[in-house]
Amino acid sequence: THGTGVAGIAAGSGYGGTTATRCRGIAFESDLVFVGVRRALIAEQWRQGGFSDFVDGINYIFKYADAVGKPAVVNISWGSHSGPHDGSTLFNEACDSLSGAGKIIVMSAGNDGTDSIHLQKTFTASDTVVHTFLRFIPTAGTPAGNDYKRTWVDIWGESGKSFCAALSLYDNGTAGNHTEISCTVDGIKDTFLVSANGQDTCFIEFIGSPSEFNGKPRLTVVVHNKTDDDAVVSVYGKEGKVHMWNEYHFYGYIDRYTGVFSNGGQSWATSGDNTHVVSDMGSAASVLLVGAYASKTSFRDINNVLRSYGSYVTTGNIAPFSSRGPMTDGRIKPDIAAPGLTLATAVNSHDQAYTPTGSSASNVISRFVHPVSNDTFYFGEFIGTSASAPVASGIVALMLQANPRLTPEDAIQIIEETAITDNFTGTIPATGNNTWGHGKINAYAAVKRAAQQNSVYTFSGEKLDCLLYPNPVNGFFMLEYTGTRTESLQLTVTDITGRMVAA
């Protein structure tokens, strides 16, 4: 349903088929190309930031688009905090390399706006250590026991400045067993700790690298805590700054826990923060990274029960979950905010949770019974930056329809320059801010600007308010002219040599 909902927002035909307007996607006449990625099979990729399956998917879509002679926008409503958050990973470089004129990538900023999953520390000769508790917070439906308490902490330092880490168990604030200190130069170490009661085990893997692809040292601490004790990560250094992220809640297909950095009520420990929590996957310069705001906060479900998020967020305001920047290299992110709470879209017809009696019935809003096949299709409400990204992707698709040669830089600049600001966004600097980016995405203005950049004008005096699209054409085009007074308009069409072919 996540993938179905994303596709429906970007380009779904809507409730009732091709003539529908209800629940219709932004670029509803687009071709859709799907690439499946199974999260349970890519833990190793995620943990070290490779994301090679995603690279293959992006490459596949752009090659297919070339084969059929069309521009393309790739939507990735996914994210990860594995990486330095500065645009320098191999995945970031692949995004920059694969995108270009008529090939644009859009990603969701992430849903960690209220989560303390980031921590930074500047070491000095007299301040050489930072301690933080890994807090595991069970989500609804988590089974009893600790089998699902898994996370990894990704720690990045500054070029040429090594650091080390260790993990300890604490029982109600009392220190228990601890690992040896592992440093970025030590490679891979597997170890475990036994709980205070001697009956459970915490498994730990340290993955060190003194100089990654970007020249920065890195240490990843992988934790599977099956004990009732608290896990504390300690990071040691003599100079330089480290940034660390709690990637959290990965277990098979199901998110069983979320996690934060906490001081655990101890004066010697440090809590995390919610800055620098936009997705590392979307930190490439060529990627349009999209936050989420609340376009509506209430609806009636299929059982006619009023559902409201009014106590969580005001209509028109930024969604609290929308991840904030900046990137660690100082760049403002996200680039823009789009509707992400709450959007009506298609749900997967095989998903029994999204039915009038299913576990997600509160999000189901309507059903459509196909008049020929008699199959039943449900539509529901979707929330998250996974929803706001396909809104932006659909708008970018319309921009590419108007101007197929747009580069990622062109599209991002247009979207930023035409963004809406209001009482909720406040005054936004020309460089943007780390909550809204440059404001709320403006579909009409962005498509109009894209088309204007594609048109050719010859005029004297006042410039005509005229749009020509698409350009180039294959024998069919639209010319839109807005007049402000009664007048006669003469139109001639010439070929590239100047020969008149129509008048």
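The values are calculated or read from the model by the stated rules, or taken from the named source; none is laboratory data. Keep in mind that what you see is a predicted model, and the values were worked out from it rather than measured. Note that each Cβ is placed from the backbone with ideal geometry, even for glycine, and that neighbours are counted across all protein chains shown. In case anyone asks, the SASA skips ligands and DNA or RNA and just uses the protein heavy atoms, side chains included. Shrake-Rupley method; radii C 1.70, N 1.55, O 1.52, S 1.80 Å.
Condition check: assigned to a loop (DSSP other than H, G, I, E, B), at pLDDT 95 or above and surrounded by fewer than 20 Cβ atoms within 10 Å (Cβ to Cβ). Does residue 238 satisfy that? If you could, list the steps in order and put the result at the bottom.
Working: assigned to a loop (DSSP other than H, G, I, E, B): yes; at pLDDT 95 or above: yes; surrounded by fewer than 20 Cβ atoms within 10 Å (Cβ to Cβ): yes.
Criteria met by residue 238.
Would you confirm, using the coordinates I've provided, whether residue 189 is among the charged types (D, E, K, R), surrounded by fewer than 22 Cβ atoms within 10 Å (Cβ to Cβ) and assigned to a strand (DSSP E or B)?
In short, yes.
So, residue 275, is that one in contact with a Lys or Arg (Cβ under 8 Å, 6 or more places away or on another chain) and either modelled with pLDDT under 95 or closer than 30 Å to residue 410 by Cα (or both) or not? Break it down stepwise before answering.
Values: in contact with a Lys or Arg (Cβ under 8 Å, 6 or more places away or on another chain): yes; either modelled with pLDDT under 95 or closer than 30 Å to residue 410 by Cα (or both): yes.
When the stated conditions are applied, residue 275 passes them.
Could you tell me whether residue 311 is touching a residue at least 60 places away in the same chain (Cβ under 8 Å), among the polar types (S, T, N, Q), part of a loop (DSSP other than H, G, I, E, B) and open to solvent by 50 Å² or more (accessible area, probe 1.4 Å)? Write out each step before concluding.
Details: touching a residue at least 60 places away in the same chain (Cβ under 8 Å): no; among the polar types (S, T, N, Q): yes; part of a loop (DSSP other than H, G, I, E, B): yes; open to solvent by 50 Å² or more (accessible area, probe 1.4 Å): yes.
Against the criterion (touching a residue at least 60 places away in the same chain (Cβ under 8 Å), among the polar types (S, T, N, Q), part of a loop (DSSP other than H, G, I, E, B) and open to solvent by 50 Å² or more (accessible area, probe 1.4 Å)), residue 311 does not qualify.
Within the range 205-228, count every residue that is modelled with pLDDT under 95 and more than 22 Å from residue 122 (Cα to Cα).
The qualifying residues number 8.
Restricting attention to the range 448-473, and to residues there that are in a helix (DSSP H, G or I) and open to solvent by 40 Å² or more (accessible area, probe 1.4 Å), which single residue is modelled with the lowest pLDDT? Spell out how you get there, then give the answer.
Going residue by residue through the range 448-473, those that are in a helix (DSSP H, G or I) are 448-452.
Checking the rest, the ones that are also open to solvent by 40 Å² or more (accessible area, probe 1.4 Å) come to 448-449, 452.
On the way: 448: 93, 449: 93, 452: 86.
Among those residues, the one meeting the criterion is 452.
In the range 336-352, how many are open to solvent by 10 Å² or more (accessible area, probe 1.4 Å) and either among the charged types (D, E, K, R) or in a strand (DSSP E or B) (or both)? Walk me through it before giving the result.
If we filter the range 336-352 for residues that are open to solvent by 10 Å² or more (accessible area, probe 1.4 Å), which is where we start, we get 339, 343-344, 346-352.
Still in the list and also either among the charged types (D, E, K, R) or in a strand (DSSP E or B) (or both): 339, 343-344, 346, 351.
Summing the residues that are open to solvent by 10 Å² or more (accessible area, probe 1.4 Å) and either among the charged types (D, E, K, R) or in a strand (DSSP E or B) (or both) in the range 336-352 gives 5.
Could you tell me whether residue 365 is at pLDDT 95 or above and under 24 Å from the mean Cα position of the chain (by Cα)?
Numbers: at pLDDT 95 or above: yes; under 24 Å from the mean Cα position of the chain (by Cα): no.
Criteria not met by residue 365.
Does residue 177 fit the bill of being more than 20 Å from residue 47 (Cβ to Cβ) and not in a loop (DSSP other than H, G, I, E, B)?
Taking the combined requirement at face value, the residue satisfies it.
Taking the condition in contact with an Asp or Glu (Cβ under 8 Å, 6 or more places away or on another chain) and surrounded by fewer than 21 Cβ atoms within 10 Å (Cβ to Cβ), does residue 96 pass? Lay out the reasoning, then the answer.
Numbers: in contact with an Asp or Glu (Cβ under 8 Å, 6 or more places away or on another chain): no; surrounded by fewer than 21 Cβ atoms within 10 Å (Cβ to Cβ): yes.
Considered against the rule, which asks whether it is in contact with an Asp or Glu (Cβ under 8 Å, 6 or more places away or on another chain) and surrounded by fewer than 21 Cβ atoms within 10 Å (Cβ to Cβ), residue 96 comes out as no.
What pairs come out if I take residues in the range 375-393 that are β-branched (Val, Ile, Thr) and pair them with residues that are part of a strand (DSSP E or B) and surrounded by 24 or more Cβ atoms within 10 Å (Cβ to Cβ) whose C-beta lies under 7 Å away, six or more apart or interchain?
383/340; 383/341; 385/108; 385/290; 385/291; 385/292; 385/340; 391/338
Take the range 401-424 and flag every residue that is part of a helix (DSSP H, G or I) and either of a type in the set (Gly, Ala, Ser) or open to solvent by less than 70 Å² (accessible area, probe 1.4 Å) (or both). Talk me through it step by step, then tell me what you get.
The first filter runs over the range 401-424 and keeps only residues part of a helix (DSSP H, G or I), leaving 401-402, 408-417.
Matches in the range 401-424: 402, 408, 410, 411, 412, 414, 415, 416.
Take the conditions among the aliphatic types (A, V, I, L, M), within 27 Å of the chain's Cα centre (by Cα) and more than 15 Å from residue 161 (Cα to Cα) and apply them to residue 194. Does it pass?
Working: among the aliphatic types (A, V, I, L, M): yes; within 27 Å of the chain's Cα centre (by Cα): no; more than 15 Å from residue 161 (Cα to Cα): yes.
In short, no.
Being assigned to a loop (DSSP other than H, G, I, E, B), free of Cβ contacts under 8 Å to residues at least 40 places away in the same chain, β-branched (Val, Ile, Thr) and surrounded by 14 or more Cβ atoms within 10 Å (Cβ to Cβ) is true for just one of 355, 427. Which residue is that?
Just one listed residue meets the conditions, 355.
More than 23 Å from residue 82 (Cβ to Cβ) and modelled with pLDDT under 95: does that describe residue 197? Before you say what the answer is, go through the steps one by one.
Values: more than 23 Å from residue 82 (Cβ to Cβ): yes; modelled with pLDDT under 95: yes.
The answer is yes for residue 197.
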